[in-house]
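The values are calculated or read from the model by the stated rules, or taken from the named source; none is laboratory data. All values reported here derive from a predicted model rather than from experimental measurement. Every residue, glycine among them, receives a Cβ derived from its backbone with ideal geometry; neighbour counts consider all protein chains shown. Each accessible area value is taken on the protein alone, full model and side chains, heavy atoms only, with ligands, DNA and RNA left out. Shrake-Rupley method; radii C 1.70, N 1.55, O 1.52, S 1.80 Å.
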Amino acid sequence: LFGFRSNVVSGAHRSLVAAENALAHQATAHQDGWGIGYFLGEEAYILKSEAGAADDERFDRISRRLQSHAFVVHVRRATVGQVDYLNSHPFRHGSWVFAHNGTLFGFEGYRDKMLQATLPGHRDLIFGTTDSEHLFYYLMSALTRAGVPDGGRGEFESELAARALRDALTQVYEWALGVDCEQPLMNFILTNGRLFFAQRLGIDLYLASQKVFCRDYADCAEPEKVCMDVARPLEHLFRGTAGYRPTRKVNHLTVASEPIGDESIWEMVPDGGLVVVDEALQLSVHPAPGGFIPGLTPGSAPRVACG
């Protein structure tokens, strides 16, 4: 899982292919498809395949050429749903682009409930068989019901969307508890190119908005190079913690399942935290949804690890 948001158009080839522990290297253990979501202006585009990114020269070739102010990239290891182009991430609806890392254990036990809570217009757009695509359109419905314009176009507050996502995820944990399975693993990235959300729920997720050094520093046109400020710990942004501060200004943000490269200062997102970057590139971290238990890895609880 990889996401990028910047105030300037940039390439992502270094993170995807060239850097130490680039996503293509990680894809050797995730060989069931890949996808790249990117933006040209306000329009979202998706390129994806059912092939493994580590062995697919198209992943290398495409990542060399693409430039955007926002990326969502995913390499898949199939857990729910067969290996199929339709099941590769990211998924797109209007300007929203979404990729999920994890598993909704026991999903068949509450799939119908999730579909019933999904608006008919969104339900009809589910063509694959993954828990991830069902989760995406369920979240789209939750945002629409909360007053966010369908498809993510138009003006709305990041706080409104963050609350809607938290409430929707709380419901998922209630459903999962009802089938007595392990709690869902639901790390995801969601962006419409302007607002950027990165949720950590049960799997490691890292964030970088500051650099140890920058190869492009001398040529950077940014007047306030906040990416080179003294590091400010991310946990101070997590609501309910000591030293809490509401926001941190960034001019770029990278989110990844594992640290990539040696340029950046990588920070672990608090388990349960929802990272939000608004249109002014103010970063904040919102609390976990109800029902989520931090640090509860599969096999550590008495409930059954359902498929």
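Distance between the C-alpha centres of the stretch 121-167 and the stretch 86-119: 10 Å, rounded to the whole angstrom.
The local environment of L119, defined by Cβ-Cβ distances under 14 Å, has a net charge of 0 under the rule Lys, Arg +1 and Asp, Glu -1. Phi angles across the stretch 126-137 convert, under the Karplus curve 6.51 cos²θ - 1.76 cosθ + 1.60 with θ = phi - 60°, into 3J(HN,Hα) values of 7, 10, x, 10, 8, 4, 5, 5, 4, 4, 4, 6 Hz, Gly and Pro given as x.
Stretched out straight at 0.36 nm per residue, the stretch from I203 to R58 would grow longer than its current Cα-Cα span by 49.4 nm.
Accessible-area rank, largest first, for T118, T129, T144: T129, T144, T118, with all protein chains present and a 1.4 angstrom probe. Per-residue accessible area (protein heavy atoms, 1.4 Å probe) orders T191, T247 as T247, T191, starting from the largest. Only protein heavy atoms count here; under a 1.4 Å probe, K113 has an accessible surface of about 110 Å². Exposure check, 1.4 Å probe, all protein chains in place: W266 carries approximately 50 Å² of accessible surface.
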